[in-house]
Structure formats: C-alpha cells, structure tokens
1. Where Rh is the Kirkwood radius over the Cα pairs of the stretch 50-91, the temperature 20 °C and the viscosity 1.002 mPa s, what D in µm²/s does Stokes-Einstein return?
2. Could you rank the peptides 133-141, 195-203 by their average count of other C-beta atoms within 10 Å per residue, with the highest value first?
3. Over every pair of different alpha-carbon atoms in the stretch 117-261, take the mean of 1/r and invert it; report that Kirkwood radius in Å.
4. Using θ = phi - 60° and the Karplus relation 6.51 cos²θ - 1.76 cosθ + 1.60, list the HN-Hα couplings for the stretch 251-256 in order, rounded to whole Hz, with x at every Gly or Pro.
5. Mind pulling up the Rg/Rh value for the chain? Radius of gyration and Kirkwood radius, both on Cα.
6. Need one number: % antiparallel among DSSP beta bridges in the stretch 1-152, to the nearest 5.
7. Would you list which lysines come within 27 Å of residue 107, measuring only between C-alpha atoms, while excluding same-chain residues fewer than 8 positions from it?
8. With r defined as the distance between the Cβ atoms of residue 228 and residue 36 and R0 fixed at 35 Å, what FRET efficiency is calculated, to the nearest 0.05?
Amino acid sequence: MTEPIQNIVIQPTYFIPHGAGPCFFMDWNPLTTWQNMSVFLSSISKELPETPKAILLISAHWQDDVFALTASANPGLIYDYFGFPESTYKLTYPAPGAPELAATIAKLISEAGLPCRLDENRGFDHGVFIPLKLMFATAEIPVVQLSLKRELDAATHLQLGATLASLREQGVLIIGSGMSFHNMSGYGDPRYTAPSEVFDRWLTDSIKAESSERLIRLQQWQGAPCAQDCHPRGAEEHLLPLMVVAGAAGTSSGRKVYSENVLCTQLSAFRFG
C-alpha cells in the first residue's frame, strides 16, 4: 500500500505595525489609543493554518551592512526605546532562538548572492518582542530575527524575501514588523491625516495587485502619491520589512487585514496567503 499523500501546509506572511515603543504595556492618553491594534495583533495566531514551527521576524529596528541573523539559542532583549515608564524596561519574552534555522536561512541568502552573517550576540529589539508578546504570549515558538540592509533598497529586500519563500512550506511564519506610516513629525498632526490615507490606498491597491504587478509597484514605492510625507527619504526603514514579506509571498494573494486612524495617521497591516 502506498502511504496517503499529506497536504503541505503553507504559512502566510504578515506585515504588522508594532506601535510606539512599549505602547501596549503601559497607560497611554487616551487609554484606547492602541487598543484596536493590540486586539488585532492578539488575534493573528488564531488565523494561521497551524501553529508555526518557528518565526522569522524582520524588524525596522535592526539595520546592518549585510543581512544579519540572530544565532543565539537564548537571545536577550534590547530595550531600544527611551523615556517610557520603568516597568516597560522589565518586560520579558523568553522565546528560544533557533541557531540551526538561522544557519539554514544564511545559506539560502548566500546562495542567492546576497551578503549575510550570523550574529550570536544580538538580542531581540522591541520591534520583535513587543508585538510577539501579544501574538504568541507563551513565548514557546523559536524566533530568528533578520536585519534590514542599511541602504534600504526596495528591490534588494524584495529579492531577499524571494529567497525565503520556501521556509513557508517548512512551517516558518515570516513577519515584517514596522509601520505603514512612519514620519515622526506627522504623528498627532492632523495635516498628515489626508496624506497618510492617500498613501494607504495606494499601498492597499499595490498589495492586492497580481503578484508581478505588485512587485513592480513596491519597487517603485517612492514615486507613490504622498510617499515622502509618510516615509521621508533616508528614513524609510519602517516600510522595508513589507518588501521582505511581499517577496516571500511569491504568487500568494495579498490583502489588508487591519487599518485604523491612530495619532492622526492611517496605519494598516497586510497578509499574504
């Protein structure tokens, strides 16, 4: 008898907002500012086809000269936010690392002709542990963090994502952690509401497009309407994780899965697959 063919479960990829510093774990004024975003992040695990075997997370808060990967078995935390309540510097997220997975990913990246390195000392920055505390609160799933490459070229990060696509069939959940709007001058300023909505519509249309058109549009994102208002040139690191997860999506369809006005700006999340 032949064994029954098992269906391959393919994990989706996500681009999520990670809020402002440790915003979900402190009092904010008004108290409801980050409530809907917190609820959304907490719901993601219930929307997956199965519990991930591991998580690969690309955070806006790690930029390197090459694509770098955390390779410690027990990464610490980097409290890379300033001026927040003392309690937020005592937050924990003891998720294990995955050195073997990191080495496998490094091999994929190198074989694609992209520069990379393993970092056995780097811990998880707040773009990793803050959203994951909501998404996977038990901290049992192994996590590897992947850096951005410092020049922040969209095409290079889309290419990086394409090299990672096979991980989805191996049970790895690929998450880009950033913000769909990130201009520090614009938060709380109603003059940025309309530009953020215009860019959000363009971004949503781009994500929903057929995969080949999607890649072209994302490569050329800086020419989108109001793009520079939402991500000033040279400071676009919070959008670049989207390029990685879009590249890893391959031909999977994309859609908006969360959107709301926070601090006078439109913020959204996207899922592929």
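Only the coordinates and a few stated rules stand behind these numbers; no lab work does. Remember, it's a predicted structure, so these values are computed and weren't measured experimentally. Virtual Cβ from ideal backbone geometry, glycine too; neighbours counted across all protein chains shown.
1. 160 µm²/s
2. Going by the mean number of other Cβ atoms within 10 Å, highest first, we get 195-203, 133-141.
3. Result for the stretch 117-261, one decimal place: 16.3 Å.
4. 8, 4, 6, x, 7, 7
5. My calculation of the ratio gives 0.95.
6. 10 percent
7. 53, 149
8. For residue 228 and residue 36, the calculated efficiency is 0.80.
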